1. Considering only residues that are under 12 Å from Cys74 (Cα atoms) and touching a residue at least 60 places away in the same chain (Cβ under 8 Å), which ones fall in segment 287-313?
2. Only one residue in Val108, Val95 is away from the ligand (no atom under 15 Å from the Cβ) and either touching a residue at least 12 places away in the same chain (Cβ under 8 Å) or hydroxyl-bearing (Ser, Thr, Tyr) (or both), so which one is that?
3. Against the definition (under 23 Å from Asn106 (Cβ atoms), crowded, with 17+ Cβ neighbours inside 10 Å, near the ligand (Cβ under 10 Å from one of its atoms) and modelled with pLDDT of 95 or more), how does Thr195 come out, yes or no?
4. Hey, can you tell me all the residues within segment 198-231 that are within 15 Å of the ligand (Cβ to nearest atom) and among the hydroxyl-bearing types (Ser, Thr, Tyr)?
5. Output yes when any residue across segment 247-257 is closer than 23 Å to Lys161 by Cβ and assigned to a loop (DSSP other than H, G, I, E, B), and no when none is.
6. Can you report the number of residues in segment 200-210 which are in contact (Cβ under 8 Å) with a residue 60 or more places away in the chain and assigned to a loop (DSSP other than H, G, I, E, B)?
7. Give me a count of the residues in segment 139-185 that are under 15 Å from Val108 (Cβ atoms) and either hydroxyl-bearing (Ser, Thr, Tyr) or at pLDDT below 95 (or both).
Amino acid sequence: MTEVVQTPSAFTPRVFSGIQPSGGLTLGNYLGAIKRFVDMQGQYDQTIYCMVDLHAITVWQDPEKLRHATRELCAGFIASGIDPKQSILFNQSRVPEHAQLAWIFNCVARMGWMQRMTQWKDKAGKNQQNASLGLFAYPALMAADILIYHATHVPVGEDQKQHLELTRDIAIKFNNDFKVDFFPITEPVIEGAATRVMSLRDGSKKMSKSDPSDASRINMTDDADKIATKIRKAKTDPDGLPSEVDGLEGRPEARNLVNIYAALADTSVEAVLAEVGGLQFSEFKPKLSELAVAKLAPISGEMARLMQDTGEIDKILDLGAEQAREIATPVLKRTYEIVGMVGA
Ligand code: TYM
């Protein structure tokens, strides 16, 4: 006789998101992700934020640099306002249930789904044969990160949208294949003025830690002078700023700087344009610099302070891993039971 599977019909609202410790944090990570994680911290019963070190190694990482980047990312979370007493903060490899559930999902997801992923195509480039198998399977591990906590809401930047659709497809297929209602169908939360922060040198390219040009991005560790210089040198067009959003049409660099301003000031693009419409970039850029320095310098200062005591950071990560495992262990056990593993 087949076992009757208990099916929870409603899921407690729970937030999960992750960031790769594959280099320094950029303004894109901050505005598109961390700042929004902080906003959600008080709004949901449970918020879980992860340094996804297993994802980082899908491309080569120097071990010492990876350790440093993981701790620095943790410092970045805390300096930005994530409170380890309110949110669970941990690094992915400490909770082996992620990798275990990812294996199950590797057997649920289809090759065709993975081959359609634009991040896979971009990162593997022309030389797919030489890319790691982990890079190809990356989205199944991401689905496991989310679903091992039965997370319902996932705040991310726009570039992660396709991966979250795949997460939904994996949950739906698993639930259908095993005739259960076990995994939630996760909601992506892609909101605000800065879900896609662009390069300061080219408004058609995403701001990214892997861009060879340091001038293309603001790093969360940049000091006030560096921030001001990068904004002063940011690419723009010859026109002044419009008063209406329509006036940003076809002007990606102008749109990007206005979006950054709006996100840093916690306001809308409309409100920013009502204030700065008619200004030249030579007048707008100093305002943007001043705002960016006011918001970011305290964070980079606090990150540097926290990094002086990595023992304290490691303690926070120990505690986070313990709390995360408490949620993840029963979910993996139940998954194994559903799939038919003896002794689960
Ligand atoms: P990652 O590490 O590339 O980026 C972390 C977060 O920052 C956002 N982001 C941006 N947002 C706006 N503008 C930008 N220029 C910009 N650059 C990065 C990303 O959208 C992301 O939200 N696959 C994920 C990590 C991950 C994950 C997860 C996320 C692993 N498991 C589970 C959510 C849930 C990634 O590579 O993000």
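1. Glu302, Met303, Ala304, Leu306, Met307, Thr310, Ile313
2. Just a single option satisfies the conditions, and that option is Val108.
3. Considered against the rule, which asks whether it is under 23 Å from Asn106 (Cβ atoms), crowded, with 17+ Cβ neighbours inside 10 Å, near the ligand (Cβ under 10 Å from one of its atoms) and modelled with pLDDT of 95 or more, Thr195 comes out as no.
4. Ser199, Ser204, Ser208, Ser210, Ser213, Ser216
5. yes
6. 4
7. 1
For (1) in the same structural domain as Arg116 (by TED's automatic domain parsing); (2) within 12 Å of the chain's Cα centre (by Cα); (3) within 9 Å of the ligand (Cβ to nearest atom), each residue gets a yes or a no:
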| site | (1), (2), (3) |
| --- | --- |
| Pro139 | yes, no, yes |
| Pro155 | yes, yes, yes |
| Gln160 | yes, yes, yes |
| His163 | yes, yes, yes |
| Thr167 | yes, no, yes |
| Asn175 | yes, no, no |
| Glu191 | yes, no, no |
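The values are calculated or read from the model by the stated rules, or taken from the named source; none is laboratory data. This one's a predicted model, so the numbers in the text were calculated from it and none came from an experiment. Reconstructed Cβ throughout: ideal geometry from the backbone, glycine too, with neighbour counts over all protein chains shown.
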